Amino acid sequence: MGALRLLPLLAGGLAAYAAVALWVRVQQRRLIYHPRPAADPSGRLALMVNGTRVMVSHRPHPGPCALIYFGGNAEDVSVTRAELAALLPDTALYLLHYRGYGGSDGSPNERSLRADAEALHALVARRHPSVIVVGRSLGTGPAVHVAASRPVVQLVLLVPFDSLLAVARRALAWLPVDLLLQDRWDAAAEAPQVRAPTRIVAAERDAVVPPEHAVALHRAFREGLAEMVVDPEIAHTTPISLSRSMREALLRAASSACPASPRTQPR
């Protein structure tokens, strides 16, 4: 009889667990993507991708070198543009506002963001023969995808992950995320196809994407292609302007891609 009394409690617990799992399945993109408006809407390009208008924060500069930037899941890349413009005055800048972010139409999902990243690379490559690709956090996914499938001269990854699924497994170990997650952003699976020299900066104090994920990603690249720094002084959201290791990685990438650039030392 005692066991029978526990059955309603067990059934209630299972129902609650199933309800949480269903909620995560339905709401997962709201958990992954946190759209932000553009604080600085000036100097933007509109890119049409399969009928959807996607905005790009742009800093034009004549010459062969350009940098494409894919930001984090809650990042306003119009603010990041100002940081990169001060750091890399001799490089054209193209920073993608994901769908639903910064005036871009539509809603974000992995399939659409991959298409947007490819379209942006096609635009930039027509204008500049030397293309650097940078991805931060969530931007690891589109950055590695572009570098694995398109010609780029340098790849820089800031506080990256091996896959979004791996991060979710760690954060939500009590849920069957392998069955629930739709947008997996498996950068480690695409890393072996990358041929561009790659620089990885991980944050030792990263509570969002622990540095073990960056280590796993680093191992996925071809031997000798990627170098990694684990910075003990930065966290996941440390701005580029406050991180010497991030600035150094970006400057070294720009110097290698564009040897004529006069600025090669981080400030």
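Structure data summary
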| read-out | value |
| --- | --- |
| Filter result for the condition that a residue is in contact with a Gly (Cβ under 9 Å, 6 or more places away or on another chain) and either in a helix (DSSP H, G or I) or crowded, with 23+ Cβ neighbours inside 10 Å (or both), over 125, 119, 115, 147 | 147 |
| Checking residue 99 against (1) among the basic types (Lys, Arg); (2) within 20 Å of residue 31 (Cα to Cα); (3) surrounded by fewer than 17 Cβ atoms within 10 Å (Cβ to Cβ); (4) touching a residue at least 12 places away in the same chain (Cβ under 8 Å), the condition it does not meet | (3) |
| From 104, 42, residue being within 30 Å of residue 255 (Cβ to Cβ) and among the polar types (S, T, N, Q) | 42 |
| Residue count for region 195-214, restricted to those that are out of contact with any Leu (no Cβ under 6 Å at 6 or more places or on another chain) and part of a loop (DSSP other than H, G, I, E, B) | 9 |
| Selected residue (only one of 184, 169 is in contact (Cβ under 8 Å) with a residue 40 or more places away in the chain and either crowded, with 24+ Cβ neighbours inside 10 Å or not acidic (Asp, Glu) (or both)) | 184 |
| Filter result (within 15 Å of residue 96 (Cβ to Cβ), of a type in the set (Gly, Ala, Ser) and either touching a Ser or Thr at 6+ places or on another chain (Cβ under 7 Å) or surrounded by 19 or more Cβ atoms within 10 Å (Cβ to Cβ) (or both)) within region 29-73 | 38, 43, 57, 66, 71, 72 |
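We did not get these values from a lab; they are worked out from the coordinates using the rules stated. This is a predicted model, so every value here is computed, not measured. A quick note on method: Cβ atoms are made from the backbone with ideal geometry, for glycine too, and the neighbour counts reach across all protein chains shown.
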